[in-house]
Amino acid sequence: MSVSNSKPERALSVLHVDDDPVNLRVVEEILTAFGHRAVKALSGVEALDQMSRQAFDVVLMDIHMPEMSGIEVLKRIRERAGPERDTPVIALTADILSREPAEYLALGFSGFVPKPVMVQGLIAAVTRAAGVAQPALRLRRAG
């Protein structure tokens, strides 16, 4: 089975927050391959700064980061007075043992994507959170 990456209904602007540069690069490559624009932030502070300067369709938020956790960043986003407070934020974490995906939703996240990131799951979560139709992902059986 292979994944084809036709152009999306519309290109999304996605802020990806992660303290690991390798994770940032992998996700950026996936997003851009599907026609979306990725903006990277290495910390919660940097993410909040980026969000005060430009609008994003979706935020991908690592949960475990130094200085400020992804959960704390989400709380700060939701406390803001501007339109960015309503931006969909997807939890992105390798820690699948301490919380169930439903718990992230209960905390106010718009979705959950486990690490290591799988292309299908990431693109589906991003397009769903942004409220965009998802023609970008078509599975084909090999052979």
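Could you give every pair whose Cβ atoms fall below 6 Å, whose first residue belongs to region 95-120 and is under 13 Å from residue 62 (Cβ atoms), and whose second residue is outside any strand (DSSP E or B) and of a type in the set (Val, Ile, Thr), counting only separations of at least 6 or pairs across chains?
Close Cβ pairs (under 6 Å, with a partner that is outside any strand (DSSP E or B) and of a type in the set (Val, Ile, Thr)) amount to 114/96.
Can we say residue 128 is open to solvent by 50 Å² or more (accessible area, probe 1.4 Å), over 19 Å from residue 18 (Cβ atoms) and either modelled with pLDDT under 90 or in a helix (DSSP H, G or I) (or both)?
Taking the combined requirement at face value, the residue satisfies it.
What is the number of the single condition among (1) crowded, with 18+ Cβ neighbours inside 10 Å; (2) in contact with a helix residue (DSSP H, G or I) (Cβ under 6 Å, 6 or more places away or on another chain) that residue 119 does not meet?
If we test residue 119 against (1) crowded, with 18+ Cβ neighbours inside 10 Å; (2) in contact with a helix residue (DSSP H, G or I) (Cβ under 6 Å, 6 or more places away or on another chain), just (1) comes out false.
State whether one or more residues within region 51-67 are more than 15 Å from residue 15 (Cα to Cα) and polar (S, T, N, Q). I'd like the intermediate steps shown before the answer.
If we filter region 51-67 for residues that are more than 15 Å from residue 15 (Cα to Cα), which is where we start, we get 64-67.
Add one more test, that the residue is polar (S, T, N, Q), and what stays is none.
No, because not a single residue in region 51-67 is more than 15 Å from residue 15 (Cα to Cα) and polar (S, T, N, Q).
State the number of residues belonging to region 1-41 that are modelled with pLDDT of 95 or more, open to solvent by 50 Å² or more (accessible area, probe 1.4 Å) and assigned to a loop (DSSP other than H, G, I, E, B).
Total satisfying the criteria: 2.
Output the number of the condition that residue 90 fails; it satisfies all remaining conditions of (1) within 19 Å of residue 131 (Cα to Cα); (2) assigned to a helix (DSSP H, G or I); (3) without any contact (Cβ under 8 Å) to a residue 60 or more places away in the chain; (4) not hydroxyl-bearing (Ser, Thr, Tyr).
(2)
The values are calculated or read from the model by the stated rules, or taken from the named source; none is laboratory data. From a predicted model like this one, the values you see are computed outputs, not experimental measurements. Reconstructed Cβ throughout: ideal geometry from the backbone, glycine too, with neighbour counts over all protein chains shown. Ligands, DNA and RNA are excluded from the accessible area calculation, which covers all protein heavy atoms including side chains. Shrake-Rupley method; radii C 1.70, N 1.55, O 1.52, S 1.80 Å.
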